[in-house]
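A short write-up of the structure that comes next.
No lab work stands behind these numbers, since they all come straight from the coordinates. Model, not experiment: these values are computed from the prediction. Note that each Cβ is placed from the backbone with ideal geometry, even for glycine, and that neighbours are counted across all protein chains shown.
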Amino acid sequence: MSVEHLEQVAANALRHISRNQAIKAYMQENALIHEVLLRAARRFIGGETLLECLETARALQAQGCVLTIDYMGENTRDEAMAQEATGEFLRVIHAISEQRLAATISLDLSHIGLALDAELALRNASSLAQAARAANTALMISMEGTERIDEIITLHRRLCEQYDNVGITLQAYLRRTTYDLASALQRPGRIRLVKGAYEEEPGAAEPRGEILDRGYRDFMEILLLSDHPCSLATHDLNLLNAAHRFIRRQELKRHPFEFEMLYGVTPERLQLVRERGYRTRVYLPYGREWYLYLCHRLAEYPPNIYQAIGDAVAMV
Ligand code: FDA
């Protein structure tokens with residue numbers, strides 16, 4: 001069995017166990033395991049608290065980064081917790097305004113109530129959009145698993161009837177994105193294009209590979225030619241280079257696009273894009289719900305598993 005094959009097996013196992021609540025609870029209750037995993041997670045998160053995250057944000061801003069801050073969480077099944085999450089996002093917006101951070105916020109609608117009631121999520125998202133507008137900033141809605149997409153797009157549409165500072169994330173691995181992109185282009189708000197991170201049923205989403213990359217490139221070109229604010233959110237060097245060639249060929253220098261990458265992932269590519277003269281943004285998540293996020297980051301790039309083990313060993 002090759003190393004690549006073994007890495008893939010480990011990555012698939014990680015994807016699988018990341019959703020297992022019993023394993024997650026065990027990891028969180030065992031202080032040593034929790035500490036070890038947190039050490040690995042710190043490469044990818046701004047901290048466990050807003051204070052820690054703001055410290056990281058200020059350091060990144062001093063290096064010239066524009067940010068989007070996410071208080072991590074999803075699938076909130078309890079109304080009080082959805083309200084608590086909304087309150088925390090309001091504190092983030094307040095901090096952005098008070099500390100004059102060049103930052104927006106990013107969130108999962110299921111974190112602020114969508115898993116319970118769409119109207120609750122709409123009320124909470126509206127109050128965040130309003131606060132963000134007063135603070136002269138914006139919010140970006142993340143895209144979740146396929147079972148939620150219709151509701152998320154509907155809520156985005158309803159938010160856009162009142163606010164022009166609410167963006168939406170679209171996933172290139174889904175065929176429906178052709179239609180979702182065409183309709184999102186009719187609404188205000190930045191469109192963030194990602195490949196897609198969820199473990200979908202076989203056939204529901206295009207797996208990593210040439211076909212997906214070609215699809216991403218097609219959507220990217222539509223966005224770049226549209227003059228609509230957009231974020232090209234990928235770390236894929238071939239796609240970053242393809243975007244660069246396309247932008248030069250089309251002479252799109254003043255177009256409202258930006259490149260966005262995850263904190264701690266390929267910072268050298270972010271630097272390269274910045275050196276090419278483009279606006280760049282770093283997605284900076286924080287909070288105590290980092291377990292699933294860490295699993296995603298390790299699974300999508302298996303060599304990170306070695307790095308995580310290294311981080312853990314360095315601690316012992
Ligand atoms: P791909 O996964 O093919 O990776 C291309 C290359 O990038 C790899 O070969 C490697 O070199 C490098 N790389 C990628 N991930 C790495 C890692 N973890 N560590 C080190 N190197 C890595 N998804 C979703 O479904 N809904 C959402 O709302 C969002 N939101 C979002 C916001 C932002 C700002 C980003 C950048 C990404 C998301 N995603 C997301 C995640 C996205 O769907 C996707 O899973 C990751 O961005 C990885 O995909 P790439 O486009 O980088 O390509």
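Calculate the spin-label point distance for Asn12 paired with Thr178, positioning each point 7 Å from the Cα along the beta-carbon direction, and give it in nanometres.
3.0
Which value, in Å³ per residue, describes the convex hull spanned by the Cα atoms of the range 174-226? Spell out each step's value before the answer.
Values: hull volume 4.2 nm³, N = 53.
Convex hull of Cα atoms, per residue: 79 Å³.
Would you mind telling me which residue in Thr234, Thr68, Thr154 has the biggest mean-square fluctuation in a Gaussian network model of the chain, where springs connect alpha carbons within a distance under 10 angstrom?
Thr154
Rounded to the nearest 500, what is the 222 nm mean residue ellipticity of the chain from helices alone, with -39500 (n - 2.57) per DSSP H run of 4+ residues and division by all residues?
-17000 deg cm²/dmol, from helical runs alone.
Residues of the range 1-41 with amide nitrogen under 19 Å from the 7 Å Cα-to-Cβ point of Glu199?
Residues 5-28 fall inside that zone.
Among Leu294, Leu107, Leu252, which one shows the highest mean-square fluctuation when the chain is modelled as a Gaussian network with alpha-carbon springs under 10 Å?
Comparing Leu294, Leu107, Leu252 in a Gaussian network model of the chain, the most mobile one is Leu252.
Computed FRET efficiency, Cβ-Cβ of Gln63 and Ile23, R0 51 Å: what is it to the nearest 0.05?
On the way: r = 36 Å, r/R0 = 0.71.
Given R0 = 51 Å and the Cβ-Cβ separation, E is 0.90.
Applying 1/(1 + (r/R0)^6) with R0 = 41 Å to the Cβ-Cβ distance of Val313 and Asp78, what FRET efficiency is obtained, to the nearest 0.05?
On the way: r = 37 Å, r/R0 = 0.91.
The pair Val313/Asp78 has a calculated efficiency of 0.65.
Would you work out if the range 105-233 is rounded, prolate or oblate? Take a ≥ b ≥ c from the square roots of the eigenvalues of the alpha-carbon gyration tensor; rounded if a/c is under 1.5, else prolate when a/b is larger than b/c, oblate otherwise. Before the final figure, lay out the partial values.
Working: a/c = 2.24, a/b = 1.38, b/c = 1.63.
In terms of gyration-tensor shape, oblate.
Please order His255, His5, His156, His94 by the number of other Cβ within 10 Å, starting at the fewest.
His5, His94, His255, His156
Mind sorting Phe246, Phe89, Phe44 by how few other Cβ atoms lie within 10 Å of their own Cβ, fewest first? Walk me through the numbers on the way to the answer.
Details: Phe246 15, Phe89 24, Phe44 21.
Ordered from fewest to most neighbouring Cβ atoms within 10 Å, Phe246, Phe89, Phe44 come out as Phe246, Phe44, Phe89.
Compute the separation of the alpha-carbon centres of the range 92-113 and the range 258-316 and state it in Å as a whole number.
What the calculation gives is 20 Å, centre to centre.
In the range 10-99, which trypsin sites (Lys or Arg not before Pro) fall in coil by DSSP and have 14 or fewer other Cβ atoms within 10 Å?
On the way: sites: Arg15, Arg19, Lys24, Arg39, Arg42, Arg43, Arg58, Arg77, Arg91; in loops: Arg19, Arg42, Arg43, Arg77.
Here the sparse-neighbourhood loop sites are Arg19, Arg77.
Please state, rounded to one decimal and in Å, the Kirkwood hydrodynamic radius that the range 1-129 gives when every pair of distinct Cα atoms enters the mean of 1/r. Intermediate results must be reported in sequence, preceding the final value.
Values: mean 1/r = 0.0592 Å⁻¹.
So the Kirkwood estimate lands at 16.9 Å.
Under a no-solvent Debye model with one identical scatterer per Cα of the range 45-289, what's log10 I(q)/I(0) at q = 0.11, 0.14, 0.16 Å⁻¹?
-0.55, -0.92, -1.23
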